[in-house]
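The values are calculated or read from the model by the stated rules, or taken from the named source; none is laboratory data. If you're wondering where the values come from, they're calculated on a predicted model, not measured in any experiment. Note that each Cβ is placed from the backbone with ideal geometry, even for glycine, and that neighbours are counted across all protein chains shown. Accessible surface areas use protein heavy atoms only, side chains included; no ligands, DNA or RNA. Shrake-Rupley method; radii C 1.70, N 1.55, O 1.52, S 1.80 Å.
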Amino acid sequence: MASSLRDQLSSVSSLAEVDSRSTPGFDGGKKHAKKALASLGDELADLQRRLYANGVGDDQDPRSMLLVLQGMDTSGKGGVIRRAVGLVDPLGLRITSFKKPTTEELDHDFLWRIEKGLPQSGVIGVFDRSHYEDVLICRVRELAPPDEIERRYGAINDFEQAYVDGGGTIVKCMLHISADDQKKRLGARLEDPAKHWKYNPADLDERARWSEYQRAYEVALERCSTEAAPWFVVPSGRKWYRNWAVATLMLEHLRELDLTWPEPDFDIEAEKTRLAAG
């Protein structure tokens with residue numbers, strides 16, 4: 001690649017400019033992508049273990065990573081978790097799925113439940129949907145007044161900046177599909193009994209507001225793509241590319257942390273001698 005994948009995927013100014021079946025940064029096809037994804041596994045897992053090892057020691061390293069996955073229904077959040085995130089060790093991994101707010105959660109500011117889900121030191125956290133639901137579905141469905149939606153963009157930026165200032169790294173992926181992509185995937189769910197459980201009739205109600213959601217996403221991308229927490233628009237019409245791209249973004253960000261193994265707080269040779277004597 002002439003440049004990092006993060007540079008290519010963070011330069012999108014309009015979703016209309018993005019072909020959901022394009023494969024920026026990858027020249028091969030499905031077979032090559034699966035091999036390329038598998039080849040990322042060893043380094044990705046090694047760096048994650050280093051992150052975790054540094055985060056749990058006495059001299060606790062505050063660094064952590066948060067992967068935010070957003071996208072329309074069928075965009076592949078679950079697939080990314082299985083195929084890309086699944087390359088790392090479950091130890092040091094926390095996956096949080098944000099559903100409809102509970103009564104208790106609605107009694108607090110919208111970021112209250114999100115803050116509780118942030119990863120601890122050394123952990124890679126994954127948000128399957130996130131705080132962006134509160135400026136996406138709430139905007140489209142008019143679940144909050146316009147001035148409150150407007151306030152939330154700034155609150156999100158401040159929240160993410162605070163997480164980064166505390167040692168966090170955010171990787172925000174908007175899994176971009178087209179209306180045709182979604183129609184095919186919803187149809188596949190209806191045709192396969194093994195996928196009926198994944199189908200929700202309400203998905204068609206949301207699909208009817210496709211253009212409104214696309215606009216809501218564009219506003220969120222514009223208002224909440226910052227130097228500390230840029231958005232990456234990942235073309236997700238091809239599942240194999242989507243998985244490779246998200247894994248690559250995670251790897252690029254972990255590499256930038258320049259992670260090393262923590263120094264032992266004991267005398268290695270003395271412990272070897274004790275072990276041999278036993």
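For segment 203-211, 3J(HN,Hα) computed residue by residue from phi via the Karplus equation (6.51, -1.76, 1.60; θ = phi - 60°) reads 4, 6, 5, 5, 4, 5, 10, 3, 5 Hz, glycine and proline entered as x. Accessible area of the chain with a 1.4 Å probe: how many percent of it is carbon plus sulfur? Carbon and sulfur: 49 percent of the exposed surface of the chain. Using the Cα coordinates of segment 103-227, the gyration tensor eigenvalues translate into equivalent-ellipsoid semi-axes of 28, 19, 15 Å, sorted from longest to shortest. With a Förster radius of 45 Å, plug the Cβ-Cβ distance of GLU104 and ASP19 into 1/(1 + (r/R0)^6) and report the FRET value to the nearest 0.05. With a Förster radius of 45 Å, E is 0.60. Close amide H pairs (under 5 Å, H built 1.01 Å from N) link GLY71 with LEU175, residues at least 5 positions away or on another chain.
Helix 179-191: angle to the longest alpha-carbon principal axis of the chain, degrees 0 to 90, nearest 10? It is inclined by approximately 80 degrees.
Ranking of LYS77, LYS195, LYS30 by solvent-accessible surface, largest first: LYS30, LYS195, LYS77 (1.4 Å probe, protein heavy atoms only, all chains present).
I want to check a number: in segment 99-225, how many lysine pairs have alpha carbons closer than 16 Å, given a sequence separation of 8 or more or different chains? Could you put the intermediate results ahead of the total?
Values: LYS99/LYS116; LYS99/LYS198; LYS100/LYS116; LYS183/LYS195; LYS183/LYS198; LYS184/LYS195; LYS184/LYS198.
Qualifying lysine pairs in segment 99-225: 7.
Rg/Rh for the chain (Cα atoms only, Rh after Kirkwood) is 1.01.
Taking only protein heavy atoms into account and a 1.4 Å probe, give the accessible area per residue of segment 39-164 in Å².
Numbers: 5950 Å² over 126 residues.
That works out to 47 Å² for each residue.
In this label model, ASP265 and LYS34 are separated by 4.6 nm, measuring between points 7 Å along each Cα→Cβ vector. Per-residue ellipticity at 222 nm from helix content only, as computed over the chain with -39500 (n - 2.57) for each DSSP H run of at least four residues, stands at -15000 deg cm²/dmol. Here's how it looks for ILE170: its modeled amide H is under 5 Å from those of LEU66, which are all 5 or more places away or on a different chain.
Over segment 178-272, give the accessible area per residue in Å² for a 1.4 Å probe, as an integer.
Details: 5240 Å² over 95 residues.
For segment 178-272, the per-residue accessible area is 55 Å².
Amide H contacts of ARG94: ILE124, GLY125, VAL126, each under 5 Å away and 5 or more positions distant or on a separate chain (H built 1.01 Å from N in the peptide plane; Pro and chain starts excluded).
In order along segment 28-42, the phi-based Karplus estimate (6.51 cos²θ - 1.76 cosθ + 1.60, θ = phi - 60°) of 3J(HN,Hα) comes to x, x, 4, 4, 5, 5, 5, 5, 5, 5, 4, 5, 7, x, 4 Hz; Gly and Pro are listed as x.
The phi-based Karplus calculation (6.51 cos²θ - 1.76 cosθ + 1.60; θ = phi - 60°) puts the 3J(HN,Hα) values of segment 240-249 at 5, 6, 3, 5, 4, 5, 5, 4, 5, 4 Hz, whole numbers, x for Gly and Pro. Counting only Cα atoms, segment 1-132 measures 47, 39, 24 Å along its principal axes, largest extent leading.
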